[in-house]
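The values are calculated or read from the model by the stated rules, or taken from the named source; none is laboratory data. What you see is a predicted model; the values in this text were computed from it and never measured. Cβ placement follows ideal geometry from the backbone for every residue including glycine, while neighbour counts extend to all protein chains displayed.
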Amino acid sequence: MSHVTAKTLKEGTDFEKKHVPMIECKDTVKPNEIYEVKIHTAGVEHPMEDGHFIQFIELNVEEYPLLRVQLTQYAKPDVVVNVKAPNEEHVGRTLKLVAYMFCNLHGPWKYEKEVKIQ
């Protein structure tokens, strides 16, 4: 999804908050640690109805795809996944997690979070 221009949270409006994915996870992890990553809307629930819903949620590490979950109007746009941190060769490096949500009416939205390997 990196080739598509996705919108981000700019003004903090309810419209933005129901489209922008938020990433919840630790700020620092140890090498090879398995840690939980939660992705959900930014505080306002998105409608999930026949004509208006989140079609998918995607999680990338940098530009590399890690996960994509297809949704229908009958699902809640929340995802929880366990991710394994890189090995000890990456100590001191910061990884960028990038989440995308795609609304069938309002297109792609994204959020980024950095995770440090210690």
field: Pairs where the first residue, in segment 48-63, is over 27 Å from V115 (Cα atoms) and the second is of a type in the set (A, V, I, L, M) and outside any strand (DSSP E or B), C-beta under 7 Å, 6+ apart
entry: M48/A75; H52/L105; F53/L71
task: Starting from segment 71-98, take each residue that is closer than 17 Å to L59 by Cβ and list its partners that are at pLDDT below 95 and part of a loop (DSSP other than H, G, I, E, B), counting only C-beta distances under 6 angstrom and pairs at least six apart or across chains.
output: K96/E62
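For segment 39-117, list the strands (runs of 3 or more DSSP E) that sit wholly inside it and hold at least 1 residues that are crowded, with 17+ Cβ neighbours inside 10 Å; which are they?
On the way: elements: 54-61, 64-70, 79-84, 94-103, 107-117.
Once the strands (runs of 3 or more DSSP E) in segment 39-117 are filtered for at least 1 residues that are crowded, with 17+ Cβ neighbours inside 10 Å, what remains is 54-61, 79-84, 94-103, 107-117.
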statement: For segment 22-38, the count of residues that are outside any loop (DSSP other than H, G, I, E, B) and over 15 Å from the mean Cα position of the chain (by Cα) equals 3
